[in-house]
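Here is the structure we will look at, set down as structure tokens.
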Amino acid sequence: MSRAQERAERMIDDHGFLGVPRETFEVGGRAQFVRLLQHGLLPESKVLDIGCGVLRVGYWLMRFLDADGYCGVEPARDRVRLGLRYLFTEEELTRARPRFDHNDRFDTGVFGDRFDYFLAGSIWTHCSKAQLKVTLDGFVANTTDQGVFLASYLPAEGPEDDYQGNVWVGTSHQSTIPGVIRHSLEWIQGACERRGLSWTLVPGMDCDSQFWLRVDKTSP
């Protein structure tokens, strides 16, 4: 068993379900890290991890990026606290100097920085269309001109499962009830295009059975 998986299982044994599948904690986080590398991530890049949770991806990014390169938005404060406690040493945190904000508005401007990458792994599979649009607006406002947004989603198979609600669905800082939702790819395409953004499908499906999109300010 890898060090990441061992630490994660100890955390889950001690505190129960924390929003991430136990069995794929390590492989899922590593796969998202590799996906970022495939899309040009460098040690000097700055990454904003939207819904960073217990730092499943942060485990890899905070060890790879230069100091001050990793930021996370996560309203469930305890998840971040536990991830920092179980997955990192004090020395690792001192070197990485990560920054976190716990707002639940998807406000990505709170760091006063411009990022090279936005990452939203298993966020669009829980958020409403209004919330999804806020993440796109944040991408427009808070990334460099060459910024890249990688987001996972589940495609709606028809109008009946194209989520039209206005609230987050799934576990959070306010809910212990799991759940996922789907969005129409046509709707996502329109939301991107209205903001002058281009999008492409990323080949393949991840270990959590989600598909990925890449969103750019310019043609990728």
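The values are calculated or read from the model by the stated rules, or taken from the named source; none is laboratory data. The model shown is predicted, which means the values in this text are computed figures rather than measured ones. Quick reminder, even Gly has a Cβ in these numbers, built from the backbone with ideal geometry, and neighbours come from all protein chains shown.
Take the conditions part of a strand (DSSP E or B), small (G, A, S) and crowded, with 22+ Cβ neighbours inside 10 Å and apply them to G72. Does it pass?
Taking the combined requirement at face value, the residue satisfies it.
In this structure, does G109 turn out to be modelled with pLDDT of 95 or more, surrounded by fewer than 19 Cβ atoms within 10 Å (Cβ to Cβ) and either in contact with a Lys or Arg (Cβ under 6 Å, 6 or more places away or on another chain) or part of a loop (DSSP other than H, G, I, E, B) (or both)?
The answer is yes for G109.
Any residue in the range 136-158 that is farther than 10 Å from D216 by Cβ sitting within a Cβ distance under 6 Å of a residue that is among the aliphatic types (A, V, I, L, M) and in a strand (DSSP E or B)? List the pairs, counting only those 6 or more apart or interchain.
Between residues of the range 136-158 that are farther than 10 Å from D216 by Cβ and residues that are among the aliphatic types (A, V, I, L, M) and in a strand (DSSP E or B), the close pairs are L150/L119; A151/A120; A151/L213.
From the list D104, D66, D78, pick out the single residue that is outside any loop (DSSP other than H, G, I, E, B), more than 23 Å from D216 (Cα to Cα) and of a type in the set (D, E).
Numbers: D104 fails: outside any loop (DSSP other than H, G, I, E, B); D66 fails: outside any loop (DSSP other than H, G, I, E, B).
It is D78.
Within the range 46-79, track down each residue that is farther than 16 Å from L119 by Cα and either among the aliphatic types (A, V, I, L, M) or touching a Phe, Trp or Tyr at 6+ places or on another chain (Cβ under 7 Å) (or both).
Matches in the range 46-79: A67, A76.
Tell me the residue from L150, L119, L132 that is more than 24 Å from Y59 (Cα to Cα), among the aliphatic types (A, V, I, L, M) and not in a loop (DSSP other than H, G, I, E, B), please.
Going through L150, L119, L132 in turn, just one is more than 24 Å from Y59 (Cα to Cα), among the aliphatic types (A, V, I, L, M) and not in a loop (DSSP other than H, G, I, E, B): L132.
Could you tell me which numbered condition L201 fails, if it satisfies all but one of (1) in a loop (DSSP other than H, G, I, E, B); (2) modelled with pLDDT of 90 or more; (3) over 20 Å from Q131 (Cβ atoms); (4) not small (G, A, S)?
Tallying (1) in a loop (DSSP other than H, G, I, E, B); (2) modelled with pLDDT of 90 or more; (3) over 20 Å from Q131 (Cβ atoms); (4) not small (G, A, S), L201 fails exactly one: (1).
Condition first: out of contact with any strand residue (DSSP E or B) (no Cβ under 9 Å at 6 or more places or on another chain), at pLDDT 95 or above, charged (D, E, K, R) and in a loop (DSSP other than H, G, I, E, B). Now tell me which residues in the range 4-63 satisfy that.
Residue satisfying the conditions is R56 alone.
Could you please let me know if T94 is more than 17 Å from A120 (Cβ to Cβ) and in contact with a Cys (Cβ under 7 Å, 6 or more places away or on another chain)? Even if it seems obvious, please write down each step before you answer.
Details: more than 17 Å from A120 (Cβ to Cβ): yes; in contact with a Cys (Cβ under 7 Å, 6 or more places away or on another chain): no.
Answer is no for this residue.
Do we find that D216 is touching a residue at least 60 places away in the same chain (Cβ under 8 Å) and farther than 22 Å from R79 by Cβ in this structure? Write out each step before concluding.
Details: touching a residue at least 60 places away in the same chain (Cβ under 8 Å): yes; farther than 22 Å from R79 by Cβ: yes.
It is true that D216 is touching a residue at least 60 places away in the same chain (Cβ under 8 Å) and farther than 22 Å from R79 by Cβ.
Need the failing condition index for T94 against (1) polar (S, T, N, Q); (2) surrounded by 15 or more Cβ atoms within 10 Å (Cβ to Cβ); (3) not in a loop (DSSP other than H, G, I, E, B), just the number.
It fails just one condition, (2).
Condition first: surrounded by fewer than 19 Cβ atoms within 10 Å (Cβ to Cβ) and closer than 22 Å to R35 by Cβ. Now tell me which residues in the range 47-69 satisfy that. Quick ask: steps written out before the conclusion?
Within the range 47-69, the subset surrounded by fewer than 19 Cβ atoms within 10 Å (Cβ to Cβ) is 63-64, 66-68.
Residues satisfying the conditions are R63, F64, D66.
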